[in-house]
Amino acid sequence: MLIKIALPKGRLLDTTAALLQRAGWGLAGYHRKARFYHLKSQKFPAVLIKIFHEKDIPVQVAVGNYDLGICGLDWVEELLVKYPSSALAKVKDLDYGKGTLYMAVSRFEPIPAMEPIKAKPGVIRIASEYPNLAESFALRNRLSQFSVFPVWGGADVYPPENADLALIQGRTEAEVYNYGLVPVSKVLDFSAYMIANKNSLEEKDLGKVVASIGDKLPVDGEKSSPPYAIRMVEMPTLRMDDSALRIALPDGHQQLPTVQLLNRVGIQVDDYPSDAGNRRPATNLAGVMTKVIRPQDMPSQVANGNFDLAITGKDWLKEHLYQFPSSPVKEFLDLKFGAVKIVAVVSQALSVKDASGLRQLNIKGTVPLKVASEYVNIADKYARDKHLGRYRVIPTWGATEAFLPDDADLLIENTQTGSTIARHKLKIIDTLFESAACLVGSTGIDFASAKGKRIKSIIESLSQAVESS
């Protein structure tokens, strides 16, 4: 009987690979430079093994797509706190990848503690990658009014201007202090876990696979958490001043072209990109506050008034507007860098050339077509617009190519050249639209106000720089 196992990429990859090597699995290609997501095991040749983004693994195991998985307990509990009756079982604490989820406040609060935060009038704002655990914490602590802002990452930068609390991951309290935050509550201690689908435990013989790890724990040579030097985050003096112009800058691979564009119009940004992980770079513009956040989060952050301008991608703006068509955020300027295509992708083994062929393949509609994507709303609109019949969108957090052909029928993905798609034996059957970096802002900007005039001046300067490049 086929056994399917999901293994993590990212933070747990190296130690998980070392563990499975000690267990004699004989995995080829499980390392940080892996070019493919399907793995072979010499010890268990009949086992299907695949690499996923860690956050996707509990979901894949819970729905029965995979019998076993390895991921952090934090993501397991994030799923279970919302779906406590899901078919997910904790099999073994693997005793590595340890950390803690802390609820934290800014150290710049007058009294950096939980009780003063709870006593604040109005809505308590919580930012986190773990929205379900954040909501559970708020309910347990009887916060009378609260709002949870799900973010893709970097939740530590949101307090105090854009959130009152942040639920974040850290290996030590010192790491939390390093972000300029003070931990006020320990929410969860976690480590890597082997998990299983409950039905698979009853119906399949998973004992040999689980037992192969046996006494191989803890993994020899795992690095302990290093001591952290406290980087005291300096807060702009204008942080509580509504007249300050607030600009969100992207993290990741868009940082270099962003800073190059800003430099061309005379805007200097210090320590960006930052080797030290500084998410509050200073600029040479008086009255301007900048933060570095994920491009995925920018449209919603502009819409809720946390930023005046942001540099994100057209893809993430569309993703936001497809979900919230009346959202008060719009594109002001195409920045013409970071170009990608948003495409529909299927397995090369599938005998379809376009969406029409896919529709014909699903004509009976007895089983929903599975559409995997980081762009949940774009994927949903595409499936509706193309009349693909019954379908189900599967949210992913990266490594989306891993889902085809076993766990999805169609991907909605971004690509520059298509080479990665082809390498994974996939093919593009449709191009939805082309995306690039863009400057977005609120639809409610008053360009006659002092701040509005500054925003207009920045837009015009950037427009001239883009046109002349």
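Laboratory data are not the source of any read-out in this text; all were calculated from the coordinates shown. Fair warning: this is a prediction, and the values are worked out from it, not measured in the lab. Here Cβ is always computed from backbone atoms with ideal geometry, including for glycine, and neighbour counts include all displayed protein chains.
Quick look at the numbers
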{"quantity": "Dipole magnitude of the chain about its Cα centre (Cβ charges: Lys, Arg +1; Asp, Glu -1), debye to nearest 20", "calculated": "880 debye"}
{"quantity": "J(HN,Hα) series, region 22-37, from Karplus relation 6.51 cos²θ - 1.76 cosθ + 1.60, nearest Hz, glycine and proline x", "calculated": "5, 7, x, 5, x, 7, 10, x, 9, 7, 5, 9, 4, 9, 10, 9"}
{"quantity": "Packing-based order for 275-281, 67-73, 125-131, using average beta carbon neighbours within 10 Å, highest first", "calculated": "67-73, 125-131, 275-281"}
{"quantity": "Contour minus Cα-Cα distance for residue 260 and residue 282 (0.36 nm per residue)", "calculated": "6.4 nm"}
{"quantity": "Exposure proxy ranking, count of Cβ atoms within 10 Å, fewest first, for 165, 80", "calculated": "80, 165"}
{"quantity": "Proximal aspartates and glutamates to residue 425, defined as alpha-carbon separation beneath 17 angstrom and excluding residues fewer than eight positions away on the same chain", "calculated": "354, 401, 406, 407, 409, 413"}
{"quantity": "Residue (of 127, 317, 48) at the positive-pole extreme of the chain, dipole from beta-carbon charges", "calculated": "48"}
{"quantity": "Note, ³J(HN,Hα) from phi for region 272-279, Karplus 6.51, -1.76, 1.60, rounded to Hz, x at Gly and Pro", "calculated": "8, x, 10, 5, 8, x, 5, 9"}
{"quantity": "Listed residue pairs exceeding 28 Å between alpha carbons, taken from 291/386; 386/427; 4/370; 40/318; 55/92", "calculated": "291/386; 40/318"}
{"quantity": "Relative contact order [Cα under 8 Å, 6+ residues apart], the chain, whole percent", "calculated": "14 percent"}
{"quantity": "Residues whose placed amide H lies under 5 Å from that of residue 185, excluding near-sequence neighbours", "calculated": "103"}
{"quantity": "Of all DSSP beta bridges in region 340-435, antiparallel share, percent nearest 5", "calculated": "60 percent"}
{"quantity": "Mean separation of Cα contacts under 8 Å (6+ apart) over length of region 99-189, as relative contact order %", "calculated": "50 percent"}
{"quantity": "Cβ-Cβ FRET estimate between residue 468 and residue 32, R0 fixed at 45 Å, reported to 0.05", "calculated": "0.65"}
{"quantity": "Relative contact order %, region 357-416, counting alpha carbon pairs below 8 Å whose residues are six or more apart", "calculated": "43 percent"}
{"quantity": "Label-point separation, residue 392 to residue 243 (7 Å along Cα→Cβ), nm", "calculated": "5.6 nm"}
{"quantity": "Charge sum, other residues only, whose C-beta stays under 11 Å from residue 395's C-beta, Lys/Arg counted +1 and Asp/Glu -1", "calculated": "-1"}
{"quantity": "Rg(Cα) / (2.2 N^0.38 Å) computed for region 340-435, rounded to two decimals", "calculated": "0.96"}
{"quantity": "Environment charge of residue 127, counting only residues whose C-beta is closer than 13 Å and scoring Lys/Arg +1, Asp/Glu -1", "calculated": "-2"}
{"quantity": "Approximate spin-label separation residue 85-residue 268, in nm, with each point projected 7 Å along Cα-to-Cβ", "calculated": "6.2 nm"}
{"quantity": "Amide proton proximity set for residue 432, modelled H, under 5 Å, gap of 5+", "calculated": "342, 343, 344"}
{"quantity": "Per-residue HN-Hα couplings for region 63-68 [Karplus 6.51, -1.76, 1.60; θ = phi - 60°; Hz; x = Gly/Pro]", "calculated": "7, x, 5, 9, 7, 10"}
{"quantity": "Likely footprinting exposure, 158, 177, fewest C-beta neighbours within 10 Å first", "calculated": "177, 158"}
{"quantity": "Footprinting exposure proxy for 246, 140 (fewest neighbouring C-beta atoms within 10 Å first)", "calculated": "140, 246"}
